[in-house]
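These notes concern the structure reproduced below.
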Amino acid sequence: MDRSVVPVALAVVLLAGVAVGVGALGGIRQGRDVVTAVLRAVVQIVVVGLVLGLVLRTPALAPLYLAVALGVASWTSARRLRTGAVTVRRVWPVTVLAIGAGAGTAAGVVFAVGALPPHVLQVVPFTAQLIGGSMTATTLAGRRMLDDVDAGWHEVEGWLAIGARTAQAVAPLGRTAAARALAPALDQTRTVGLVTLPGAFVGLLLGGASPWEAARVQLLVLVGLLAAETVAVVVVTRGIGGFLQGRPGGRN
């Protein structure tokens, strides 16, 4: 066994203990949730490490890995959008299109211009990160739009009563939800290096890369995420408008 595993395992246990202990002292009853989350994270990270090792040794598996990542991300986001009073027909195709379009567009630009070499070692982690960011943005934009439609349903019904299509009636709410969902990505991009050092930057430095190399990759990740998430929120809010079913008893 690699000797570095022991201090890492000890640090993980101690950090989890801090979270459980401080949470208990503060009256936050999340001890079981913390333990469950940490155990799941350990198992998932080990499994992902093994799978990625196989993918990197067998580049032909990279498209399959990314397809699975897209499917899981889309299903996760779609599950979030199925709850609530306002529902969407064919929600999973909408999230697949939003996340796929976002991650695909940003990754396509980066690799097409040669900013990163089109090698599996760069394509898989970079694209997977874009898929993850697009998933979060899709969920935030979609959930906020559906909540806003629910809260302003009488206004939506007013538009429908004068002959507007559903997509037209909810379009302003979609634009507002999309803008709000992009706020975290915008704030992270604005404050990079001033407030926090992002994960990719720190990881590369810890791995022995030069500060310039770390900065170059982190810049591509940040702006790539911003582009991917922008595409994703626009697609998902437009898609929701097209497939909105409305509230039970409401008019569609």
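The values are calculated or read from the model by the stated rules, or taken from the named source; none is laboratory data. Source: prediction; values computed, not measured. Here the Cβ positions follow ideal geometry from the backbone for every residue, glycine too, while neighbour counts run over all protein chains shown. Surface areas here come from the heavy atoms of the whole protein model, side chains and all, with no ligands, DNA or RNA. Shrake-Rupley method; radii C 1.70, N 1.55, O 1.52, S 1.80 Å.
Carbon-plus-sulfur fraction of the accessible area of the chain, 1.4 Å probe, in percent? After summing per-atom areas, the C and S share lands at 69 percent. Only Cα pairs under 8 Å and 6+ residues apart enter the sum, and on that basis the relative contact order of the chain stands at 26 percent.
Other residues lying with their Cβ under 13 Å from the Cβ of Leu39 contribute a combined charge of +1, Lys and Arg counting +1, Asp and Glu -1.
Take the chain with all the other protein chains still there, run a 1.4 Å probe, and you get 58 Å² of accessible area per residue. By the combined test of axial Cα extent (at least 15 Å) and Kyte-Doolittle hydropathy (mean at least -1.0), the qualifying DSSP H helices of the chain come to 5-25, 31-57, 62-81, 91-112, 120-151, 166-181, 211-243. Stretched out straight at 0.36 nm per residue, the stretch from Arg89 to Ala60 would grow longer than its current Cα-Cα span by 6.9 nm. Free of any trypsin sites (Lys or Arg not before Pro) that DSSP assigns to a loop and that have at most 14 other C-beta atoms within 10 Å, the longest stretch within the chain is 166-250. Extending 7 Å from the Cα toward the beta-carbon at both Ala9 and Trp159 defines two label points whose distance is 5.7 nm.
Of Ile131, Ile28, the order by accessible heavy-atom surface (1.4 Å probe, DNA, RNA and ligands excluded), from most exposed downward, is Ile28, Ile131. At the listed q of 0.12, 0.13 Å⁻¹, the Debye profile of the chain, built from one uniform point per Cα, gives log10 I(q)/I(0) equal to -0.86, -0.98.
Set Lys and Arg Cβ to +1 and Asp and Glu Cβ to -1, take the dipole of region 1-129 about its Cα centre, and tell me which of Pro7, Val22, Thr58 lies farthest positive. Toward the positive end, the furthest listed residue is Val22. Listed peptides 183-189, 220-226 appear in the order 220-226, 183-189 once ranked by packing, highest mean of other Cβ atoms within 10 Å at the front. Helical content of the chain, expressed as a calculated mean residue ellipticity at 222 nm, amounts to -26500 deg cm²/dmol (DSSP H runs of 4 or more residues, -39,500 (n - 2.57) each, divided by residue number, nearest 500).
Other residues with beta-carbon under 15 Å from the beta-carbon of Pro184 carry, at +1 per Lys or Arg and -1 per Asp or Glu, a net charge of +2.
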